[in-house]
Structures are given as C-alpha cells and as structure tokens.
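The structure under discussion appears below in the form of structure tokens.
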Amino acid sequence: MFFSNNFTVYSPICGEVISLDDVNDSVFKNRMLGNGVAIKPTSGKVYAPFDGKIVHIADTLHSVIIRSKRKLTFMIHMGIDTVYLKGEGFKCFVTENQQVKRGDLIFEMDLQKIIECGKQTVTPVIIMDKKINKLFITDKKVVTQDDKLFEIKL
C-alpha cells in the first residue's frame with residue numbers, strides 16, 4: 001500500500017526482496033542501524049533510490065549513505081562482511097556531497113567476485129532515522145530500480 005503524500009524509496013538494486021529478519025548479520029537482523037529491507041541482487045548495478053545527496057561513502061566502497069531532500073538518511077550496504085574486501089569488487093561513480101537523481105548509477109558490485117571471496121551479496125537498504133511513524137514495504141518479491149521498495153509515513 002503506497003500513499004502519494006509520503007516519502008517513496010525506489011529499489012536501488014534489481015533482485016529478490018527479503019526481510020531483515022532473514023539477513024545473516026545481527027546488526028541488520030536486530031535493526032541496530034535502523035529499519036528497512038534487504039535485496040538478494042540479480043545485477044551488480046546500484047542506483048540512487050531517490051533524489052538526494054551522497055553524505056558518506058565507506059573507504060572500502062561497501063556502503064553509501066544518502067540523505068533525501070526531506071532530511072531522511074538511508075544506507076545501502078552492499079553485501080555482508082564485504083568491508084573485509086577493502087574495496088575489491090566495487091566501483092563507485094559518485095563522490096561525497098554530490099547531488100544525485102533517482103535512477104542515477106552510483107555503484108557497481110562484481111557479484112561473482114564477492115561470492116568467490118566467500119562473502120554474501122545480500123544488500124540491506126536501511127532508513128537510519130528513528131523519527132519515522134510507519135514503513136510500508138512493497139509486496140513484490142522481485143524488484144527492479146523502477147519499482148517502489150518502500151514508502152515512509154512521516
């Protein structure tokens with residue numbers, strides 16, 4: 001269920017939507033960084049899920065934090081334990097403080113490389129703000145970057 005007057009987050013990655021409860025990492029499973037969903041990617045391309053600003057890129061290129069124009073902060077964490085790859089298998093196409101539009105290509109993951117290195121490609125998409133009232137998660141099981149992933153009631 002989506003409402004036009006709330007904030008919409010589109011999927012940054014093509015793949016299968018899974019609950020954070022099914023992510024093999026206690027930080028995400030226990031929602032220590034915030035609520036959201038995860039995606040088992042079928043493509044390594046990562047797109048901006050809304051218009052906003054890149055506020056942080058991990059030195060190891062495994063995660064990016066984006067802030068919306070409504071001052072909501074989101075993390076896209078590309079893979080599980082991929083911090084240990086030290087950037088290997090990742091390409092970044094943006095810089096910190098750069099403005100992005102929904103659908104801009106911002107990262108690329110080499111899914112095969114990540115798997116060969118013994119890491120998981122599951123990608124949590126987290127809203128880091130605690131001030132949200134309700135999160136409406138898509139009913140779709142498979143999404144592309146053109147699909148709504150979730151909507152936030154502020």
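By the scheme Lys and Arg +1, Asp and Glu -1, what is the net charge of all other residues having a beta-carbon under 12 Å from that of residue 40? Net charge in that neighbourhood comes out at -1. Note: relative contact order over segment 83-154, using C-alpha pairs below 8 Å and six or more positions apart, is 24 percent. Taking other C-beta atoms within 10 angstrom as a stand-in for reagent exposure, 94, 9, 83 fall in the order 83, 94, 9, fewest first.
Look at (1) 113; (2) 97; (3) 216: the one that is volume of the Cα convex hull per residue in Å³ derived from this structure is (2). Sort out for me the Cα centre separation of segment 22-81 from segment 104-154, rounded to whole Å. Measuring centre to centre over Cα atoms gives 6 Å. The mean sequence distance of close C-alpha pairs (under 8 Å, at least 6 residues apart), as a share of the length of the chain, puts its relative contact order at 34 percent. Going by neighbour counts of Cβ atoms within 10 Å, the residues 119, 134, 113 line up, fewest first, as 134, 113, 119.
Bear in mind these aren't lab numbers, they're just calculated from the coordinates by the rules spelled out. Keep in mind that this is a model prediction, so the values were computed, not measured. Backbone-built Cβ (ideal geometry, glycine too); neighbour counts: all protein chains shown.
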